[in-house]
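The values are calculated or read from the model by the stated rules, or taken from the named source; none is laboratory data. In this text, all values refer to a predicted model and were calculated from it rather than measured experimentally. All Cβ positions, glycine included, derive from the backbone under ideal geometry; neighbour counts span all protein chains shown.
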């Protein structure tokens, strides 16, 4: 049982970390957390080292803090990072799982290229992949292969 759990944790560790990042982002969006005080304390400690630089940043940031809560901004940032990481993971898994095939897996007959659907063209454009669609002569099963552009 422990071996199975370890195998699942190793296989899905990225998705588990992504789930915790998404939940943290959503938590920061939902819960009214005032992070301004902590950041203001950090700014006052570093103020003596970079006085002129922080004057400009503080002047610009305090106007932004009044309009947008920092916890909401941080939550959106975490969610954007999660979506980007999910996108990258999905792309890598598409490339890894769709190997180049020459023959059908069911009947071992030759595969012929066929036209891509509009959905596959759109997916290939956004994922920056070369997607090719093949069909078996005998059993008419469709296969797709993905490569990096």
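For this structure, a couple of remarks:
- When residues in the stretch 1-50 are screened for being under 16 Å from residue 71 (Cα atoms), touching a residue at least 12 places away in the same chain (Cβ under 8 Å), over 26 Å from the mean Cα position of the chain (by Cα) and outside any loop (DSSP other than H, G, I, E, B), 2 of them pass.
- In summary, residue 32 fulfils each of the numbered conditions (1) at pLDDT below 75; (2) surrounded by 10 or more Cβ atoms within 10 Å (Cβ to Cβ); (3) within 30 Å of residue 14 (Cα to Cα) with the single exception of condition (2).
- From the list 124, 75, the lone residue that is in contact with a helix residue (DSSP H, G or I) (Cβ under 8 Å, 6 or more places away or on another chain), buried (at least 16 other Cβ atoms within 10 Å of the Cβ) and in a helix (DSSP H, G or I) is 75.
- Picking from residues in the stretch 127-149 that are more than 19 Å from residue 101 (Cβ to Cβ) and modelled with pLDDT of 80 or more, the one that is surrounded by the most Cβ atoms within 10 Å (Cβ to Cβ) is 127.
- In the stretch 92-116, the residues that are within 30 Å of residue 14 (Cβ to Cβ) and loosely packed, with under 11 Cβ neighbours inside 10 Å: 96, 97, 99, 100
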